[in-house]
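Chemist: One structure is given below, represented as structure tokens, and several questions about it will come after.
The values are calculated or read from the model by the stated rules, or taken from the named source; none is laboratory data. Just so it is clear, the model here is predicted, and its values are computed rather than measured. In this analysis, Cβ positions are derived from the backbone assuming ideal geometry, glycine residues included, and neighbour counts consider all displayed protein chains. Note: accessible area is taken over every heavy atom of the protein model, side chains too, but ligands, DNA and RNA are not part of it. Shrake-Rupley method; radii C 1.70, N 1.55, O 1.52, S 1.80 Å.
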Amino acid sequence: TLNALLAPLAKNQKFNLAMDSYNKLLDVGVVPNEVALTRMIAVAASLGQWEKSIGYYRQVEKMTVGGTLEERKENPPQREPTVHALQHYQIAGVSLISVLGKQKQLKLALDVFRDQLVAHKNMSEVMVNTVLNACAISSDWETAEWIYSQMK
């Protein structure tokens, strides 16, 4: 499967090969699931393609919770996402916030965090630590302190 191919390539930092393999599989009609797309967030970022990382995240978002916060407001999903879907959504969010934080794209990282908050109500410690790290990379201590105070 796509996941079985991507996992060892990403783990061994064969990011170009992972991207090429992913694209070739898409060309022959393989449809990626949220696990493969989440892995591709990190692969694209490792290749300096953080805009592609956002695209992969948006695909996971559509698959798991029905689209962006704005899309869900305009066209609410027919049913609530499953716990499993929310877990994949949060894993993808952590991955993207980490990518954006390293690129000093704090506003985008905070937008992702906000959407995650709306979907989850309760944030994992990993998610909170990731967004606090993004704030620290951008030296935005005021935002970091506010987020920390809200999570207590």
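Chemist: So which of Lys24/Lys52; Lys121/Lys152; Lys14/Lys107; Lys52/Lys107 end up more than 20 Å apart by C-alpha?
Modeler: Values: Lys24/Lys52 16 Å; Lys121/Lys152 13 Å; Lys14/Lys107 30 Å; Lys52/Lys107 17 Å.
In this structure, Lys14/Lys107 lie more than 20 Å apart at Cα.
Chemist: When ligands, DNA and RNA are left out and all protein chains stay put, how many square angstrom of accessible area per residue does the range 63-152 have with a 1.4 Å probe?
Modeler: Values: 5470 Å² over 90 residues.
Using a 1.4 Å probe on heavy atoms only, each residue of the range 63-152 averages 61 Å².
Chemist: Output needed for the range 7-62: three equivalent-ellipsoid semi-axes, defined as square roots of 5 times the C-alpha gyration tensor eigenvalues, in descending order, whole Å. Please list the in-between numbers first.
Modeler: Values: eigenvalues 49, 41, 19 Å².
Each semi-axis is the square root of five times an eigenvalue, giving 16, 14, 10 Å.
Chemist: According to the square roots a ≥ b ≥ c of the eigenvalues of the Cα gyration tensor, what is the shape class of the chain, taking rounded for a/c under 1.5, prolate for a/b larger than b/c otherwise, and oblate for the remainder?
Modeler: Numbers: a/c = 2.14, a/b = 1.31, b/c = 1.64.
Taking the square roots of the gyration eigenvalues as a ≥ b ≥ c, the chain is oblate.
Chemist: Helix 34-46 against the longest principal axis of the chain: what's the angle in degrees, Cα atoms only, rounded to the nearest 10?
Modeler: The answer is roughly 80 degrees.
Chemist: Would you compute, from DSSP H runs of 4+ residues alone, the mean residue ellipticity of the chain at 222 nm, taking -39500 (n - 2.57) per run and dividing by the full residue count, rounded to the nearest 500? Spell out each step's value before the answer.
Modeler: Details: 9 runs with 117 residues, N = 152.
Result for the chain, helices only: -24500 deg cm²/dmol.
Chemist: Please name which of Asn23, Ser95, Ile137 has its Cα lying farthest along the dipole of the chain towards the positive end, using unit charges on Cβ (Lys, Arg +1; Asp, Glu -1) and the Cα centre as origin.
Modeler: Asn23
Chemist: Follow-up question, since we're still on this one. How large a share of the accessible area of the range 1-112, in percent, is made up of carbon and sulfur atoms when the probe is 1.4 Å and the other protein chains stay in place?
Modeler: On the way: 3360 of 6250 Å².
C and S atoms contribute 54 percent here.
Chemist: For Asp111 and Lys62 in one chain, what is 0.36 nm times their gap in residues minus the Cα-Cα distance, to one decimal in nm? Write down the numbers at each step before the final one.
Modeler: Values: separation 49, 0.36 × 49 = 17.64 nm, distance 1.59 nm.
Working it through step by step, the gained length comes to 16.1 nm.
Chemist: Roughly how many whole Å is it from the C-alpha centroid of the range 41-102 to that of the range 106-152?
Modeler: That distance is 15 Å.
Chemist: Okay, moving on. Ranked highest first by the average count of other Cβ atoms within 10 Å around their residues, in what order do 133-140, 52-59 fall? Could the numbers behind the result be given before it?
Modeler: Details: 133-140: 17.9, 52-59: 20.0.
Output ranking for 133-140, 52-59: 52-59, 133-140.
Chemist: Assign unit charges at the C-beta atoms only (+1 for Lys and Arg, -1 for Asp and Glu), then state the dipole size of the range 1-126 relative to its Cα centre in Debye, rounded to the nearest 20. Provide the component values of the computation, followed by the final result.
Modeler: Values: 15 positive and 12 negative charges, 54 e Å.
Once rounded to the nearest 20, the dipole reads 260 debye.
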